Ligand SMILES: [Zn+2]
């Protein structure tokens, strides 16, 4: 590559920032260079007029979304950039790479686009800017023409998974300095498009990116990094900057100064080979109390469900709860296996338990995590979780999709595509639909996760009356006399909990609500799961289980059958085993009536047999963030 072309490429990059040869253009109502100060001022003026909900309203969003600005998404055939993804989130119709039109039944309230920071240095020179260093490389030509498929691209990326920091793609983006300049210019663009689409009171576009450190054998130490406002880090810290997780948090903490506020959300911990929350870093060094304190300040939430499965709990991996068996991607680790299998420190429930244990050992629980769900879509269609076959699976093979092949197709990361889940959503209880309100709700962990449903879940604990649900304003009373999900209980007495859920207006009714408790007793990590309320007056017996619902699904038509199910469920309950001597957490899990799994709908539509290695139906669900009680 000659110097002339390199220089020319950089000029193009600079020009591109302002002249915007972007196929996915920013709306004309906003300048394409980021008027950061002006946006802040505008946002504040509008924020004064936005509708506010003192008792907080449930807002739904997707905090894990890839567009064509992620190299793996681009290599998968996606040519829709952030602008299209925002338009889709707001309810507009878009045409997916398959040629299918897609539109959300109900628009999202907020979104965080989380393209891989590792792609930021490459995406412009390789795919957008003729004359830049990498544009004419065979690799980039193949990427643009679709000859380099996603599988090959991912295999190449994972081949370097052992290198820390990850190497720059110098052949594509120039020397390290040029690569960093490219990365910074993409990061600027990410902010500009988010600012253009943020609409306080109506739709929130959070500025965000994904940190994607890779482990061998397709393992991941991935986190989404989300900012409160327009004050963000100058450079999106990626796996090319850090040598381990400790280093990541330390650099992020140092770079996000002053008015900058940030939180991180680990995801696909089911693919982390136990490392995201193990007692040692990936280089084997034990965390110091300073490391854990820093991390617990920044890492407030946990992505419990998404298209690559669930990370809540697993039978034989520290749990015996039959309702854990959904979205399981790996067999339990055996013996010395430590890759490609499931470990306790990969799963939310065990991580919360280990947090209690660490709290006992060190005086501070470092793993107080709320929950959210998201999609991890790579086809620029945030929140597209309902309504038959998720269209992104049609894109799973890249351009040239054929319906009847998806059931057999393999992904290099996931294996059989049919094992994928439909993808989840994030719920937050916020006072208004603004960046600051949503971020603050996430920071105080007043959030819930769903596996794609728009069900709403409230969960409170404290000095609550037994009939709180029958009072005039139960939510006001619950805030007054208790604490919401994501909080610590105060007071010394045994708490009473109140849980409430309402169904997705466009989904099936609710089957039951369960309460999961975790505690540490005599040094042993313990857990229990009880049904606390079920539809149609079914009562949990001494087993803690309601009789199974009679609601079902006709597998040929996917129509729901039976009459059981409730539009709303709520109940108060106390823990008969509550002890002030014990630290514990409690969270709610809400199950819908059964529906066809997406694979059943797909098989029906192509007149094929149902896959025999997967359930034909699924009970989609939601999870509240926990409430913690601390031993006195
Ligand atoms: Zn991702």
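Remarks
- Flag if residue 545 is in contact with a strand residue (DSSP E or B) (Cβ under 8 Å, 6 or more places away or on another chain), more than 25 Å from residue 470 (Cβ to Cβ) and not in a strand (DSSP E or B): yes
- Candidates are the residues of region 283-309 that are part of a strand (DSSP E or B) and under 23 Å from residue 216 (Cβ atoms); the one that is farthest from the chain's Cα centre (by Cα) is 286.
- Residue 120 under 21 Å from residue 193 (Cα atoms) and within 16 Å of the ligand (Cβ to nearest atom): yes
- Residue ranges of strands (runs of 3 or more DSSP E) in region 373-466 with at least 2 members within 16 Å of the ligand (Cβ to nearest atom) and modelled with pLDDT of 80 or more: 425-430
- All positions within region 574-605 that are farther than 23 Å from residue 455 by Cβ and surrounded by 14 or more Cβ atoms within 10 Å (Cβ to Cβ): 575, 578, 579, 582, 583, 584, 602, 603, 604
- Considering residues of region 238-257 that are more than 16 Å from the ligand (Cβ to nearest atom) and within 22 Å of the chain's Cα centre (by Cα) only, the residue surrounded by the fewest Cβ atoms within 10 Å (Cβ to Cβ): 253
- Restricting attention to region 69-107, the residues that are more than 14 Å from the ligand (Cβ to nearest atom) and in a loop (DSSP other than H, G, I, E, B) total 18.
- Residue among 271, 227, 302 that is within 26 Å of residue 189 (Cα to Cα), in contact with a strand residue (DSSP E or B) (Cβ under 8 Å, 6 or more places away or on another chain) and assigned by TED's automatic domain parsing to the domain that holds residue 64: 227
- Residue in region 67-88 that is on the phi > 0 side of the Ramachandran plot, in contact with a helix residue (DSSP H, G or I) (Cβ under 8 Å, 6 or more places away or on another chain), modelled with pLDDT of 95 or more and assigned by TED's automatic domain parsing to the domain that holds residue 380 present: no
- Single condition residue 326 does not satisfy, out of (1) at pLDDT below 90; (2) at positive phi: (2)
- Residue 505, sole failed condition from (1) within 30 Å of residue 345 (Cα to Cα); (2) modelled with pLDDT of 95 or more: (1)
- Qualifying residue in region 121-144 (condition: in a strand (DSSP E or B) and on the phi < 0 side of the Ramachandran plot): no
- One residue from 252, 263 being farther than 18 Å from residue 354 by Cβ, in the same structural domain as residue 351 (by TED's automatic domain parsing) and free of Cβ contacts under 8 Å to residues at least 60 places away in the same chain: 252
- Summed over region 319-367, residues that are surrounded by fewer than 17 Cβ atoms within 10 Å (Cβ to Cβ), in the same structural domain as residue 292 (by TED's automatic domain parsing) and not in a helix (DSSP H, G or I) total 2.
- Near pairs, Cβ below 6 angstrom, 6+ apart or cross-chain, from region 42-66 (more than 27 Å from residue 480 (Cβ to Cβ) and within 16 Å of the ligand (Cβ to nearest atom)) to any residue that is assigned to a helix (DSSP H, G or I) and at pLDDT below 95: 66/73
The values are calculated or read from the model by the stated rules, or taken from the named source; none is laboratory data. Nothing here was measured: the structure is a model prediction, and the numbers come from that model. So basically every Cβ, Gly included, is an ideal-geometry build from the backbone, and we count neighbours across all protein chains shown.
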